[in-house]
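The values are calculated or read from the model by the stated rules, or taken from the named source; none is laboratory data. Not measured: the values here are computed from a predicted model. Cβ placement follows ideal geometry from the backbone for every residue including glycine, while neighbour counts extend to all protein chains displayed. Quick note on the areas: whole protein, heavy atoms, side chains included, nothing else; ligands and nucleic acids left out. Shrake-Rupley method; radii C 1.70, N 1.55, O 1.52, S 1.80 Å.
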Amino acid sequence: MKQRDRLALALDTDDSVHALRLARECVEYFAYVKIGLELFFAEGPSIIYPLKDLGYRIFLDLKLHDIPNTVYRSAKVVAGYGVDLLTVHSDGGIEMLQACVRGLSEGAATLEIPVTPKALAITYLTSQKEVSREQLNERLEMIAASGVAGFVSSAHEVEFIKRVQPNLFGVVPGIRFEGDTAHDQARVATPGFAIAAGADLLVIGRSITAARNLDDSLATLRRELG
Ligand code: C5P
(Lines give C-alpha, C1' and ligand atoms only; values in the text may rest on other atoms or scores of the structure.)
Protein backbone atom coordinates (compact mmCIF):
# COMPACT_ATOMS: atom_id res chain seq x y z
CA MET A 1 0.00 0.00 0.00
CA LYS A 2 1.26 3.51 -0.79
CA GLN A 3 2.14 5.72 2.18
CA ARG A 4 -0.53 8.25 1.16
CA ASP A 5 -3.28 5.60 1.33
CA ARG A 6 -2.49 5.06 5.00
CA LEU A 7 -2.91 8.67 6.08
CA ALA A 8 -5.98 10.67 7.09
CA LEU A 9 -5.76 14.40 7.79
CA ALA A 10 -8.03 15.43 10.70
CA LEU A 11 -9.67 18.73 9.72
CA ASP A 12 -10.59 19.81 13.24
CA THR A 13 -11.74 23.35 12.60
CA ASP A 14 -15.12 25.10 12.32
CA ASP A 15 -13.92 27.19 9.40
CA SER A 16 -14.44 25.80 5.91
CA VAL A 17 -12.00 28.27 4.34
CA HIS A 18 -9.27 27.08 6.70
CA ALA A 19 -10.26 23.42 6.21
CA LEU A 20 -10.19 23.65 2.43
CA ARG A 21 -6.88 25.52 2.42
CA LEU A 22 -5.28 22.82 4.59
CA ALA A 23 -6.84 20.12 2.45
CA ARG A 24 -5.44 21.64 -0.73
CA GLU A 25 -1.95 22.01 0.79
CA CYS A 26 -1.84 18.42 2.06
CA VAL A 27 -3.51 16.45 -0.74
CA GLU A 28 -0.22 15.06 -2.03
CA TYR A 29 0.40 13.41 1.37
CA PHE A 30 -3.05 12.25 2.55
CA ALA A 31 -5.59 10.03 0.76
CA TYR A 32 -8.30 10.68 3.37
CA VAL A 33 -9.63 13.70 5.19
CA LYS A 34 -11.40 13.22 8.47
CA ILE A 35 -14.42 15.45 9.05
CA GLY A 36 -15.27 15.50 12.74
CA LEU A 37 -18.15 16.92 14.74
CA GLU A 38 -16.77 20.47 14.77
CA LEU A 39 -16.53 20.91 11.01
CA PHE A 40 -19.69 18.92 10.32
CA PHE A 41 -21.77 20.98 12.75
CA ALA A 42 -20.33 24.23 11.39
CA GLU A 43 -20.71 23.46 7.70
CA GLY A 44 -23.12 20.54 7.36
CA PRO A 45 -22.77 17.79 4.76
CA SER A 46 -21.99 20.31 2.00
CA ILE A 47 -18.35 20.42 3.18
CA ILE A 48 -17.96 16.84 1.92
CA TYR A 49 -18.30 17.65 -1.77
CA PRO A 50 -15.42 20.13 -2.33
CA LEU A 51 -13.17 17.73 -0.40
CA LYS A 52 -14.23 14.87 -2.67
CA ASP A 53 -13.58 17.14 -5.66
CA LEU A 54 -9.99 17.59 -4.42
CA GLY A 55 -9.65 13.81 -4.71
CA TYR A 56 -9.96 12.86 -1.03
CA ARG A 57 -11.69 9.82 0.37
CA ILE A 58 -13.96 10.94 3.19
CA PHE A 59 -13.73 9.71 6.75
CA LEU A 60 -16.80 11.03 8.58
CA ASP A 61 -16.06 10.92 12.31
CA LEU A 62 -19.51 11.40 13.81
CA LYS A 63 -19.11 8.72 16.51
CA LEU A 64 -22.76 7.64 16.37
CA HIS A 65 -24.23 6.48 19.66
CA ASP A 66 -27.99 6.11 20.09
CA ILE A 67 -30.71 3.47 20.07
CA PRO A 68 -30.24 0.95 17.23
CA ASN A 69 -33.18 2.23 15.16
CA THR A 70 -31.92 5.81 15.21
CA VAL A 71 -28.40 4.72 14.32
CA TYR A 72 -29.78 2.55 11.49
CA ARG A 73 -31.78 5.43 10.02
CA SER A 74 -28.94 7.93 10.43
CA ALA A 75 -26.41 5.57 8.83
CA LYS A 76 -28.76 5.18 5.85
CA VAL A 77 -28.68 8.96 5.37
CA VAL A 78 -24.88 9.08 5.74
CA ALA A 79 -24.47 6.44 3.02
CA GLY A 80 -26.05 8.93 0.62
CA TYR A 81 -23.18 11.39 1.15
CA GLY A 82 -20.79 9.02 -0.63
CA VAL A 83 -18.34 8.85 2.26
CA ASP A 84 -15.87 5.99 2.73
CA LEU A 85 -15.66 5.63 6.52
CA LEU A 86 -18.06 6.38 9.38
CA THR A 87 -17.35 6.01 13.09
CA VAL A 88 -19.71 4.56 15.69
CA HIS A 89 -19.16 4.12 19.43
CA SER A 90 -18.74 0.50 20.52
CA ASP A 91 -20.13 1.61 23.91
CA GLY A 92 -23.57 1.45 22.28
CA GLY A 93 -23.54 -2.36 22.13
CA ILE A 94 -23.71 -5.01 19.45
CA GLU A 95 -27.24 -4.31 18.23
CA MET A 96 -26.36 -0.69 17.65
CA LEU A 97 -23.19 -1.62 15.74
CA GLN A 98 -25.16 -4.08 13.59
CA ALA A 99 -27.78 -1.41 12.95
CA CYS A 100 -25.06 0.94 11.73
CA VAL A 101 -23.66 -1.64 9.29
CA ARG A 102 -27.16 -2.46 8.01
CA GLY A 103 -28.04 1.22 7.60
CA LEU A 104 -24.91 1.91 5.57
CA SER A 105 -25.39 -1.02 3.22
CA GLU A 106 -29.13 -0.46 2.73
CA GLY A 107 -28.61 3.28 2.26
CA ALA A 108 -25.94 2.74 -0.38
CA ALA A 109 -28.04 0.11 -2.17
CA THR A 110 -31.22 2.21 -2.17
CA LEU A 111 -29.44 5.25 -3.53
CA GLU A 112 -27.28 3.21 -5.92
CA ILE A 113 -24.08 4.58 -4.36
CA PRO A 114 -21.25 2.45 -5.81
CA VAL A 115 -19.21 2.26 -2.58
CA THR A 116 -20.79 1.09 0.67
CA PRO A 117 -19.23 3.12 3.50
CA LYS A 118 -17.37 1.11 6.10
CA ALA A 119 -18.27 1.39 9.78
CA LEU A 120 -15.42 1.80 12.25
CA ALA A 121 -16.05 1.07 15.92
CA ILE A 122 -14.38 3.30 18.48
CA THR A 123 -12.84 0.95 21.05
CA TYR A 124 -12.09 3.59 23.69
CA LEU A 125 -11.30 7.28 23.26
CA THR A 126 -7.57 7.98 23.19
CA SER A 127 -8.11 10.81 25.71
CA GLN A 128 -9.15 8.19 28.30
CA LYS A 129 -6.58 6.60 30.55
CA GLU A 130 -5.39 3.00 30.11
CA VAL A 131 -8.09 0.28 29.89
CA SER A 132 -7.49 -3.30 31.08
CA ARG A 133 -6.79 -6.13 28.59
CA GLU A 134 -9.92 -7.84 29.86
CA GLN A 135 -12.11 -4.82 29.11
CA LEU A 136 -10.49 -4.48 25.69
CA ASN A 137 -10.95 -8.19 24.90
CA GLU A 138 -14.65 -8.08 25.70
CA ARG A 139 -15.06 -5.04 23.51
CA LEU A 140 -13.17 -6.68 20.63
CA GLU A 141 -15.25 -9.82 20.65
CA MET A 142 -18.37 -7.71 20.33
CA ILE A 143 -16.88 -5.50 17.60
CA ALA A 144 -15.78 -8.51 15.53
CA ALA A 145 -19.15 -10.22 15.90
CA SER A 146 -21.06 -7.10 14.84
CA GLY A 147 -19.87 -7.02 11.21
CA VAL A 148 -18.19 -3.60 11.31
CA ALA A 149 -15.15 -3.30 9.03
CA GLY A 150 -12.69 -1.92 11.53
CA PHE A 151 -11.87 -0.22 14.77
CA VAL A 152 -10.31 2.96 16.11
CA SER A 153 -7.78 2.54 18.90
CA SER A 154 -4.62 4.07 20.25
CA ALA A 155 -1.27 2.99 18.77
CA HIS A 156 -0.55 1.18 22.02
CA GLU A 157 -3.42 -1.28 21.59
CA VAL A 158 -3.29 -1.82 17.84
CA GLU A 159 -0.67 -4.58 17.84
CA PHE A 160 -2.68 -6.62 20.35
CA ILE A 161 -5.97 -6.01 18.51
CA LYS A 162 -4.55 -6.98 15.10
CA ARG A 163 -3.16 -10.16 16.62
CA VAL A 164 -6.57 -11.10 18.00
CA GLN A 165 -8.64 -9.74 15.09
CA PRO A 166 -6.36 -9.57 12.01
CA ASN A 167 -9.25 -8.97 9.59
CA LEU A 168 -10.39 -5.74 11.17
CA PHE A 169 -9.11 -2.51 9.56
CA GLY A 170 -7.14 -0.64 12.24
CA VAL A 171 -7.36 3.14 12.48
CA VAL A 172 -5.07 4.98 14.89
CA PRO A 173 -5.37 8.62 16.02
CA GLY A 174 -3.22 10.26 18.70
CA ILE A 175 -0.19 10.56 16.39
CA ARG A 176 2.62 12.92 17.34
CA PHE A 177 6.12 13.53 16.01
CA GLU A 178 9.04 13.12 18.39
CA GLY A 179 9.12 16.16 20.71
CA ASP A 180 5.57 17.37 19.86
CA THR A 181 3.15 18.28 22.65
CA ALA A 182 0.54 15.56 23.39
CA HIS A 183 -2.28 18.15 23.93
CA ASP A 184 -5.30 16.29 25.41
CA GLN A 185 -4.25 12.86 24.10
CA ALA A 186 -3.25 10.40 26.84
CA ARG A 187 -1.72 7.70 24.61
CA VAL A 188 0.24 9.23 21.74
CA ALA A 189 2.76 7.57 19.39
CA THR A 190 4.88 8.51 16.41
CA PRO A 191 3.71 7.59 12.87
CA GLY A 192 6.55 5.05 12.56
CA PHE A 193 5.58 3.34 15.82
CA ALA A 194 1.90 3.13 14.83
CA ILE A 195 2.62 1.63 11.41
CA ALA A 196 5.12 -0.86 12.86
CA ALA A 197 2.46 -1.85 15.42
CA GLY A 198 0.08 -2.77 12.57
CA ALA A 199 -2.09 0.32 11.99
CA ASP A 200 -3.77 0.38 8.56
CA LEU A 201 -4.66 4.09 8.67
CA LEU A 202 -3.17 6.89 10.76
CA VAL A 203 -5.24 9.93 11.72
CA ILE A 204 -3.05 12.99 12.01
CA GLY A 205 -4.37 16.30 13.26
CA ARG A 206 -2.52 18.94 15.20
CA SER A 207 0.98 17.68 14.36
CA ILE A 208 0.20 18.90 10.84
CA THR A 209 -2.74 21.29 11.14
CA ALA A 210 -1.20 23.30 14.02
CA ALA A 211 2.39 23.03 12.80
CA ARG A 212 4.46 26.18 13.01
CA ASN A 213 5.85 25.32 9.60
CA LEU A 214 3.58 23.10 7.51
CA ASP A 215 6.21 22.18 4.92
CA ASP A 216 8.68 21.10 7.61
CA SER A 217 6.05 18.94 9.33
CA LEU A 218 4.99 17.32 6.05
CA ALA A 219 8.67 16.60 5.33
CA THR A 220 9.03 15.04 8.81
CA LEU A 221 6.01 12.85 8.10
CA ARG A 222 7.43 11.67 4.79
CA ARG A 223 10.83 10.98 6.39
CA GLU A 224 9.28 9.01 9.27
CA LEU A 225 7.31 6.76 6.98
CA GLY A 226 9.90 6.73 4.19
O1 C5P B 1 -4.99 16.68 16.73
P2 C5P B 1 -4.95 15.20 16.96
O3 C5P B 1 -3.91 14.51 16.08
O4 C5P B 1 -4.86 14.82 18.41
O5 C5P B 1 -6.38 14.70 16.42
C6 C5P B 1 -6.86 13.43 16.63
C7 C5P B 1 -8.18 13.25 15.95
O8 C5P B 1 -8.61 11.91 16.13
C9 C5P B 1 -9.29 14.14 16.49
O10 C5P B 1 -10.06 14.52 15.37
C11 C5P B 1 -10.09 13.24 17.41
O12 C5P B 1 -11.46 13.57 17.43
C13 C5P B 1 -9.90 11.88 16.74
N14 C5P B 1 -10.05 10.70 17.59
C15 C5P B 1 -9.30 10.47 18.73
N16 C5P B 1 -9.50 9.32 19.48
C17 C5P B 1 -10.40 8.43 19.08
C18 C5P B 1 -11.16 8.65 17.93
C19 C5P B 1 -10.95 9.80 17.20
O20 C5P B 1 -8.45 11.28 19.07
N21 C5P B 1 -10.54 7.29 19.76
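The criterion of being in contact with a Phe, Trp or Tyr (Cβ under 7 Å, 6 or more places away or on another chain) and open to solvent by less than 70 Å² (accessible area, probe 1.4 Å) holds for Tyr32.
Specify which of the listed residues (Val148, Val131) is farther than 22 Å from Thr181 by Cα and touching a residue at least 60 places away in the same chain (Cβ under 8 Å). I'd like the intermediate steps shown before the answer.
Working: Val131 fails: touching a residue at least 60 places away in the same chain (Cβ under 8 Å).
Answer to the check: Val148.
Yes/no per residue for (1) out of contact with any Cys (no Cβ under 7 Å at 6 or more places or on another chain); (2) within 22 Å of Ala10 (Cβ to Cβ); (3) open to solvent by 10 Å² or more (accessible area, probe 1.4 Å):
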position	(1), (2), (3)
Gly147	yes, no, yes
Val152	yes, yes, yes
Arg163	yes, no, yes
Gly170	yes, yes, no
Thr181	yes, yes, yes
Asp184	yes, yes, yes
Ala199	yes, yes, no
Leu214	yes, yes, yes
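Can you go through Leu85, Leu64, Leu54 and tell me which one is within 19 Å of Ile122 (Cα to Cα) and in contact with a Lys or Arg (Cβ under 9 Å, 6 or more places away or on another chain)? Full working, then the answer.
Details: Leu64 fails: in contact with a Lys or Arg (Cβ under 9 Å, 6 or more places away or on another chain); Leu54 fails: within 19 Å of Ile122 (Cα to Cα).
The unique qualifying residue is Leu85.
Can you say whether Arg139 is within 22 Å of Cys100 (Cα to Cα) and of a type in the set (Lys, Arg), as far as the supplied structure shows?
Details: within 22 Å of Cys100 (Cα to Cα): yes; of a type in the set (Lys, Arg): yes.
Yes; evaluated as a whole, the condition is true for this residue.
Out of the residues in segment 167-187 that are assigned to a loop (DSSP other than H, G, I, E, B) and among the small types (Gly, Ala, Ser), state the one that is farthest from the ligand (Cβ to nearest atom). Selected residue: Gly179. When Leu85, Leu9, Leu60 are checked against the criterion of being among the hydrophobic types (A, V, I, L, M, F, W, C), touching a residue at least 60 places away in the same chain (Cβ under 8 Å) and within 22 Å of Glu112 (Cβ to Cβ), a single residue qualifies: Leu85. Against the numbered list (1) more than 19 Å from the chain's Cα centre (by Cα); (2) modelled with pLDDT of 90 or more, Ser132 comes up short only at (2). Between a residue in segment 200-214 that is free of Cβ contacts under 8 Å to residues at least 40 places away in the same chain and any residue that is in a loop (DSSP other than H, G, I, E, B) and surrounded by fewer than 20 Cβ atoms within 10 Å (Cβ to Cβ), which pairs come within a Cβ distance under 7 Å, given they are 6 or more apart or on different chains? Final answer for the pair search is Ser207/Phe177; Ser207/Asp180. Residue check: Met142 meets all listed conditions (1) in contact (Cβ under 8 Å) with a residue 12 or more places away in the chain; (2) buried (at least 16 other Cβ atoms within 10 Å of the Cβ); (3) not polar (S, T, N, Q) but one, namely (2). Taking segment 193-213 as the range and being modelled with pLDDT of 95 or more and more than 12 Å from the ligand (Cβ to nearest atom) as the test, the residues that pass are Phe193, Ile195, Ala196, Ala197, Gly198, Ala199, Asp200, Asn213. Count of segment 43-54 residues, restricted to those that are open to solvent by 50 Å² or more (accessible area, probe 1.4 Å) and either touching a residue at least 12 places away in the same chain (Cβ under 8 Å) or within 16 Å of the ligand (Cβ to nearest atom) (or both), is 3.
The set of residues in segment 60-112 that are among the small types (Gly, Ala, Ser) and open to solvent by 10 Å² or more (accessible area, probe 1.4 Å) comprises Ser74, Gly80, Gly82, Gly92, Gly93, Ser105, Ala109.
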